[in-house]
Amino acid sequence: MEAQIQSAQIQSAQVQSAQGESPGVSVRTHGHRRTYLIGLGYALALTIASFWAASTDLVFPPGVPVLLGVLAIAQMGVHLVFFLHISSAPDQTNNFLALAFGVFVVALIVFGSMIIMTNLNHNMAMPTTP
């Protein structure tokens, strides 16, 4: 029994050394105060720009939702890069794939629900009589 435990420990050590570091373990630190402050500055600027866009008359009124959507996507990008430290670096592949899969699932649920509701609205509409 003891030999099996030692064998399993040796195999585990070999696998970890063959694949690099263990998942979730990073040699470098996540971020420094400077990167967090830069991210905070960008986030505040985008938040102020969103409130400005919603309350001003300088933007073409039908374009306000599009502008707010663009600012929201930029805000998400700032949070992902500066606070969650997700990048396209080779050691971030698992984090990036998990994020992409999560976005795919949410989009599938939202757009699928919209298609189903549109179909139900079309099929359940009261017929008009001439």
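All of the numbers you see were taken from the coordinates with simple rules; none came from a lab. All of these numbers come straight from a predicted model, not from anything done at the bench. With ideal geometry, Cβ positions are generated from the backbone for all residues, glycine too; neighbour counts draw on all protein chains shown.
From the Cα gyration tensor of the stretch 30-117, with a ≥ b ≥ c the square roots of its eigenvalues, which class applies: rounded if a/c is under 1.5, or else prolate if a/b is larger than b/c, or else oblate? Since a/c reaches 1.5 but b/c is at least a/b, the shape of the stretch 30-117 is classed as oblate. A straight chain from Thr35 to Leu120 at 0.36 nm per residue would run longer than the Cα-Cα distance by 25.8 nm.
Considering only alpha-carbon pairs that sit under 8 angstrom and 6 or more positions apart, the relative contact order computed for the stretch 30-117 is 29 percent.
Spin-label model, Ser88/Phe101: points 7 Å from Cα along the beta carbon direction are separated by 2.2 nm.
Among residues other than Leu40 with Cβ under 13 Å from its Cβ, the summed charge is +2 (Lys and Arg +1, Asp and Glu -1).
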